[in-house]
1. When the dipole is taken about the Cα centre of the chain, and only Lys, Arg (+1) and Asp, Glu (-1) are charged at their Cβ, what size is it in debye, to the nearest 20?
2. Using a 1.4 angstrom probe and counting only protein chains, how large is the accessible area of K219 in Å², to 10?
3. What is the mean projected area of the alpha carbon convex hull for the stretch 141-263, to one decimal in square nanometres?
4. Per residue, what volume in Å³ does the convex hull of the Cα atoms of the stretch 201-325 enclose?
5. For the stretch 141-263, what % of the accessible area comes from carbon and sulfur atoms, probe 1.4 Å?
6. Return the sequence-ordered ³J(HN,Hα) values of the stretch 165-175 in whole Hz as given by the Karplus equation 6.51 cos²θ - 1.76 cosθ + 1.60 applied to θ = phi - 60°, using x for Gly and Pro.
7. Which FRET efficiency value, to the nearest 0.05, is calculated for E313 and S265 with the Förster distance at 22 angstrom and r the Cβ-Cβ distance?
8. Provide Rg over Rh for the stretch 1-105; use the alpha carbon set for both Rg and the Kirkwood Rh (inverse mean inverse pair distance).
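The values are calculated or read from the model by the stated rules, or taken from the named source; none is laboratory data. Remember, predicted model here, so these are calculated numbers, not experimental data. Here the Cβ positions follow ideal geometry from the backbone for every residue, glycine too, while neighbour counts run over all protein chains shown. With ligands, DNA and RNA removed, areas are computed over all heavy atoms of the protein, side chains included. Shrake-Rupley method; radii C 1.70, N 1.55, O 1.52, S 1.80 Å.
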Amino acid sequence: MTASRVVELDAFGGPEVLKVVHRIVPPPAEGEVQLRQTAIGFNFIDIYQRQGVYPLPLPTGLGFEAAGVVEAVGAGVTDHAVGDRVAYMNAGVGAYCERCNVPAAKLVTLPDGVSDDMAAALLFKGMTAQYLVRRTHRVAPGDVLLVHSAAGGVGQILTRWATTLGAVVYGTTGSPDKRAAALAAGCREVLDLNDPNWPENFAAAAGGKARVVYDAVGKDTLLRSLDCAAPFGLVVSYGAASGKSPAIDPELLNKKGCLFLTRPSVFPHNADPATFRANAADLFDAIAQGHVQVDIGARFALDDIADAHRAAEARRVTGALLIVP
Ligand SMILES: NC(=O)c1ccc[n+]([C@@H]2O[C@H](COP(=O)([O-])OP(=O)(O)OC[C@H]3O[C@@H](n4cnc5c(N)ncnc54)[C@H](OP(=O)(O)O)[C@@H]3O)[C@@H](O)[C@H]2O)c1
């Protein structure tokens, strides 16, 4: 038996509901490995779950991704050994901890070129960008794309990857401070969402509309995102950082130009272990080629998890936020 600091909540609410407690971690069961975590990823979905917007049975842990070192393997585990550097992003909630047991099928081995910090900061976000550029829409040279929150975690990765695939990416940010980061990620131009004319500003900058609009802001932007897509274009609603997206009447899609609207998620895209590992290999290859990088914008100790959530909710973080166990 070994002990671990673990973040738990027994009520939904603000960052103050996040408590650091001590828990015993049993030896890994059959098919599991025990990890000593070295870096934990923060994702915006953690906030939705803490708030109860995506309710979890209480009490609960939180967090979807981390990197670490295998310290013990359970019966039947053949593909991982003690000392391996691994990461996960799709093993249920509970990644906000020092040590834990994880099903071996949910782990990927980290190649030498991917540090633990890098993996924790970008596996979930990178796998999101992976399906967004490969499957939701297969990004092709010359595609004009509009990416909201282009200076954010997923936003920077998506922008950089799409740009290296030959797309012309326009971005939005919620503050002028983030403009430089969005430009550095590859945006041709960055629109300020505080200007109510941002859709018109986008059309003027791009000289037309977008083949695809990637929108994870939701409530504040989704209806106007429909105005930014070219006829027969695609609007991808993959998150709702500003609040629940409005209901959209299919007739509106007709009126706006026979648009396609989709609401995808990273989990079904990586549900089976073989697909997950193939997608991760694609992501690691993109990292090796320099198509994907991660900008770690902030680090917080596990004990300061409430402050980490406060910073993310206040939109103070540019790039990815990392939690240090
Ligand atoms: N569907 C999926 O598979 C999937 C997977 C991963 C993430 N996501 C979604 O992708 C988005 C980005 O995730 P992330 O973890 O990389 O987070 P993030 O981009 O680092 O942070 C969210 C960003 O949303 C923007 N935002 C707009 N309105 C906001 C508000 N009222 N409060 C807070 N932020 C607001 C902020 O950028 P500005 O200030 O520049 O506007 C903020 O930086 C989230 O909506 C998340 O849920 C979806």
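1. Rounded to the nearest 20 debye, it is 600 debye.
2. 120
3. Over all viewing directions, the stretch 141-263 projects a mean Cα-hull area of 6.6 nm².
4. On the way: hull volume 20.9 nm³, N = 125.
Hull volume over Cα atoms, normalised by residue count, gives 167 Å³.
5. Working: 2830 of 5110 Å².
Percent of accessible area from carbon and sulfur atoms in the stretch 141-263: 55.
6. 7, x, 6, 9, 10, 9, x, 10, 9, x, 7
7. Details: r = 21 Å, r/R0 = 0.97.
Using R0 = 22 Å, I get an efficiency of 0.55.
8. Ratio of gyration radius to Kirkwood radius for the stretch 1-105: 0.99.
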